[in-house]
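Just so you know, all these numbers are worked out from the coordinates, no wet-lab data involved. What you see is a predicted model; the values in this text were computed from it and never measured. Counting neighbours? That spans all protein chains shown, and the Cβs are built from the backbone with ideal geometry, glycine included.
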Amino acid sequence: MDFNYTEEQDMLRTMARDFLTDKCPKTLVKELEEDEKGYSPELWKEMVELGWTGLIIPEAYAGSEMTFLDLAVLIEEIGRAAMPGPYFSTVVLGGIPIMGYGTEEQKQEYLPKIAGGEAIFTFAITEESGGYDADSINATAKENGDSYTVSGTKMFVPDANVANYILYAARTGNDITVFIVDAKSDGITINPLKTMAGDKLSEVIFENVSVPKENILGETGKGYEIVRKTVEYAAVAKCCTIIGAMQQSLDLTVDYAKERVQYDHPIGSFQSIQHYCANMAIDVDGTRFSTYEAAWKLNEGFPATREVAIAKAWASEAFERVSTLAHQIHGAIGCTIDHDLHYYTRTGKAAALSFGSPDYYREVVASEMGL
Amino acid sequence: MDFEFTEEQNKFRQEVREFLEDEIKQGTFQSACDAWIQGYSPEFTRKVSQKGWIGLTWPVEYGGQGRGHIDRLILTEEMLRYGAPAACHWFADRQIGGAVLRYGTEEQKQWILPKIIAGEAYVGLGLSEPEAGSDLASLRTRATESGDEYIIDGQKMWTSCGMFMNFIYVVARTDPDAPQHRGISEFVFETDRPGVTITPTIDITGSTAWAEVFFDGVRIPSTCLIGEKNRGFYQVVNQLDYERAGMERLMGNYPLFDAILKFTKETKRNGKPIAEDPLIRQKLAQLQIEFEVGRLLTYKVVMVMEEGHAPNVEAAKAKAYSTAFERRLASVTMDILGQYGQLWAESKYAPITGMGPHSYLASTGYSLQAGTSEVLRNVIAARGLGLPNN
């Protein structure tokens, strides 16, 4: 039992924080939110050089073979910087399922591209319902000689607008199969959605898209396991984004409470403000520990359904509490774009909304409790 | 990071569970909420002592086992899970033994530690007074030095273990002219000394586990002074970190949780088990989520102790959070039980052995004992976040 980060993880955090402070100021974040692509190719290149895209990819495929816990630390820092871009999509939604379920040929083809920053990936899972259970997947894939013909409309697909490859979950008969699809294939329409946090989410429409059979990820009809497992990793990654947003909201708030003077005293000396801050600190710790317990289970290869559900349900609601108090303490300035708080209010909430709501995960926990 | 217990720790947990299940089978105790603070059983305490489980972390030269804080965490977690009546030894084991080890003389260690370890010294906590609750430094009980004795006069309230104790730990004023914090000292002495009167306090549940203790010219030898004269306040602040650090702040009413889960699975309403109702499932799952977060916050406290630090801010966070959870557990349980929730154990139709009303009422006190949630938030804000004093 040990809740401390390793020395290497502390170093990774320091390095990431310094890099992002320097290279990803809020002026860039603002610019990228309005940018059509939503990321900076120059910044992406530097991240690749730092080894971030290949962080958890095995050395055999040109990665640095670090752990999911290390990745969690990095995603926390990216959340803290509110950095836009397709990092999560490529590494978590693309890299992890290919590492876990790809054939040797697929790994050799795609993983070095991810590590080398040459390809952007995403995973098209949910549809009209916005959910992540098997019932939410109704797109179809019909066998047609050496290929499948895939049709269906996917929703909220992150970074599809810039993706080179789209992992796509579709029904092959009653079961689900995941395909690795070249995003330039005929029949694909990508409609970017305008989102609160500036996240580049798209509606992705497949109309009779032909996908060769060798592009099936894992086995035909066994795709839901890939979806389920990837969503577990994605949910924990979103918890890490939330930790970053929460921690930064707390830090900004404590700094503000120390500096802002009313009635001749810093407002941070007033007990009501102190207690709000204490509540925020408890929520940040609770989120961090429960998230890392889930991340640790995933990293060890243990069943993690229960821990992931606990972490995501908790983190999403804890974020709401922290964000509300951060705004209350900041007063009116926090409601403007002149102060940085709004970045975290938007990115944290967007992360809370993705990959499973608290109600959904509470039902998962209830099942795990044998209710 | 590592979220796993070692094989040895898991084996120890299993050993504790088997012991407790065996004791329940033998009829030594019935699982109950708050048994760690209200459950008086000299027989149980003696058996725990025979296992070597009192003073588990204390040095071997004083009869302890020299084990780690994580082992003690496991032991207390299981005691609480099973609702075991551990009040006779709990306070001495949790904080008084530690205070003597840290501040006591060699003679004091040889005097009291073996008695605690043998399960014979039941030490009550004499901190709060009628006019000194959160503001402990304003306490009025006097200890006047007279030759090689001190004479104690005054009154303590909310003395934990008060009705079972044969020793008492007392903080008293030894220098009335010094600034408040600098005139207080700590003592441990026997409660059968002339001039000690103990009166039960009847709490909101009807329990008489706490007491008022009156001291009327009680003479104790100077050797009962623990640590440095007039430095007691600084010693006790450190001790309070340990008082509020444990699993009992999360699991004081854990038997209620087990019981309501079992109840919802086994009880039908309108032909269906209650546990199939989506709203009930949401509520119980939320409790489980909150419990797991509390468990991690409390484990963090123990890991800080294992690293050799006093768990100050961490203990404040864990206790402020966890006692609020215990309150919600009681409240949600009552809501699920509905009208039946209000039935005491002795009533016809009382569900879950009538634990509901007891725990619901008792849980009003969890966020007050050992540092109110407000005092704890002050600690988090000032020491944890560096917010300024007004």
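Counting only DSSP beta bridges with both residues in chain B, what percent are antiparallel, rounded to the nearest 5?
For chain B, the DSSP antiparallel bridge percentage is about 85.
Please arrange B:Met355, A:Met66 by counting, for each residue, the other beta carbons lying within 10 Å of its beta carbon, fewest first.
Values: B:Met355 28, A:Met66 18.
Ascending number of Cβ neighbours within 10 Å: A:Met66, B:Met355.
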Overall Cα dimensions of the protein assembly as shown, principal axis frame, Å, largest first: 99, 63, 48
Chain B: calculated mean residue ellipticity at 222 nm from DSSP helix runs of at least 4, using -39500 (n - 2.57): -14000 deg cm²/dmol
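Provide a whole-number value for the mean count of partner chain Cβ atoms within 10 Å of the Cβ atoms in peptide A:305-315. If you can, show how the numbers build up before the last one.
Numbers: counts 0, 3, 2, 0, 3, 8, 3, 1, 6, 5, 0.
Mean number of neighbouring Cβ atoms from other chains: 3.
How large is the convex hull of the C-alpha atoms of region B:12-67 per residue, in Å³? Before the final figure, lay out each step's value.
Values: hull volume 5.2 nm³, N = 56.
Convex hull volume per residue, Cα atoms: 93 Å³.
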³J(HN,Hα), Karplus 6.51/-1.76/1.60, whole Hz, each residue of region A:348-360, x for Gly, Pro: x, 5, 4, 5, 4, 7, 8, 6, x, 8, x, 4, 4
For residues of B:279-288, the mean tally of beta carbons on other chains within 10 Å: 6
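For the protein assembly as shown, what proportion of DSSP beta bridges, expressed in % and rounded to the nearest 5, is antiparallel? Please list the in-between numbers first.
Working: 64 of 76 bridges.
Roughly 85 percent of the DSSP beta bridges within the protein assembly as shown come out antiparallel.
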D_trans [Stokes-Einstein, Kirkwood Rh over alpha-carbon pairs] for region A:225-368, 4 °C, 1.567 mPa s, µm² s⁻¹: 82
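Please pull out the direction-averaged projected area of region A:28-116, using the convex hull of its alpha-carbon atoms, in nm² to one decimal place. The partial results should precede the final answer.
Numbers: hull surface 22.6 nm².
The directionally averaged projection comes out at 5.7 nm².
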From phi via Karplus (6.51, -1.76, 1.60), per-residue ³J(HN,Hα) for region B:72-79 in Hz, x at Gly/Pro: 5, 4, 4, 4, 6, 4, 6, 4
Distant-in-sequence amide H partners of A:Asn144 (H built 1.01 Å from N, under 5 Å): A:Thr149
Convex hull (Cα only) mean projected area of region A:1-154, reported in nm² to one decimal: 12.0
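Test of understanding: ordering B:Thr333, A:Thr324 by Cβ neighbours within 10 Å, fewest first, what list do you get? Don't skip to the answer; put the middle values down first.
Numbers: B:Thr333 28, A:Thr324 14.
So the ranking, lowest neighbour count to highest, is A:Thr324, B:Thr333.
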Prolate/oblate/rounded label for region B:59-134 (Cα gyration tensor, a/c 1.5): oblate
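Compute the semi-axes of the equivalent ellipsoid of region B:244-384, taking the square root of 5 times each eigenvalue of the Cα gyration tensor, and list them largest first in whole Å.
Working: eigenvalues 210, 49, 27 Å².
Semi-axes from the Cα gyration tensor: 32, 16, 12 Å.
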Cα centroid of region A:231-250 to Cα centroid of region B:59-93, whole Å: 36
For B:Gly124, distant residues with modelled amide H under 5 Å away: B:Asn166, B:Phe167, B:Ile168, B:Tyr169
Debye-sum result for region A:260-343 in log10 I(q)/I(0), which assumes one identical scatterer on each alpha carbon, at q = 0.15, 0.16, 0.26 Å⁻¹: -0.67, -0.72, -1.17
Crossing angle, helix B:7-26 versus chain B [Cα axis fit, 0-90 degrees, rounded to tens]: 80
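Just to be sure I understand: if I project the alpha-carbon convex hull of region A:122-221 onto a plane and average over all orientations, what area do I get in nm²?
Working: hull surface 23.7 nm².
Seen from a random direction, the Cα hull of region A:122-221 projects 5.9 nm² on average.
Could you line up B:Asp34, A:Asp35, B:Asp335, B:Asp192 from fewest to most neighbouring Cβ atoms inside 10 Å? Don't jump to the answer; show the numbers that get you there.
Values: B:Asp34 27, A:Asp35 14, B:Asp335 11, B:Asp192 8.
Lowest to highest Cβ neighbour count: B:Asp192, B:Asp335, A:Asp35, B:Asp34.
Mean residue ellipticity at 222 nm from the helices of chain A, using -39,500 (n - 2.57) per DSSP H segment of n ≥ 4 over the full residue count, to the nearest 500 deg cm²/dmol? Intermediate results must be reported in sequence, preceding the final value.
On the way: 11 runs with 184 residues, N = 371.
Roughly -16500 deg cm²/dmol at 222 nm, from the helical runs in chain A.
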Region A:1-102: GluC sites (Glu not before Pro) in DSSP loop, at most 16 other beta carbons within 10 Å: A:Glu36, A:Glu65
Estimated FRET transfer efficiency when R0 is 45 angstrom, pair B:Arg219-A:Ser272 (beta carbons, to 0.05): 0.40
DSSP-defined antiparallel bridges as percent of all bridges, chain A, nearest 5: 85
B:Glu21/B:Arg193 FRET efficiency (R0 56 Å; Cβ-Cβ; nearest 0.05): 0.90
Region B:312-384: GluC sites (Glu not before Pro) falling in loop per DSSP and having at most 16 other Cβ within 10 Å: B:Glu346
Equivalent ellipsoid semi-axes, region A:179-228, via Cα gyration tensor eigenvalues times 5, rooted, Å: 25, 16, 8
Near-label residues of region B:1-17 by backbone N, under 19 Å of a point 7 Å along Cα→Cβ of A:Glu368: B:2-5
Acute angle (nearest 10 degrees) that the helix A:223-259 long axis makes with the longest principal axis of chain A, alpha-carbon atoms: 20
Where trypsin sites (Lys or Arg not before Pro) fall in DSSP loop in region B:243-304, at most 12 other Cβ within 10 Å: none
Cα shape, region B:124-231, gyration tensor, a/c 1.5 rule: oblate
Distance (nanometres) between label positions extended 7 Å along Cα→Cβ at B:Ala345 and A:Gln328: 3.9
All-pairs alpha carbon distance profile, region B:320-384, 10 Å steps from 0, percent: 23, 38, 23, 12, 4, 0
Hydrodynamic radius of chain A per Kirkwood, over alpha carbon pairs, in Å: 21.2
Centre separation in Å (Cα based) which lies between region B:223-272 and region A:194-221: 51
Helix axis angle, A:271-300 relative to chain A longest principal axis, alpha carbon, degrees: 30
Karplus-derived 3J(HN,Hα), 6.51/-1.76/1.60, for each residue of region A:105-113, Hz, glycine and proline x: 5, 5, 4, 5, 6, 9, 4, x, 5
Cα pair count fraction exceeding 35 Å, expressed as % - chain B: 26
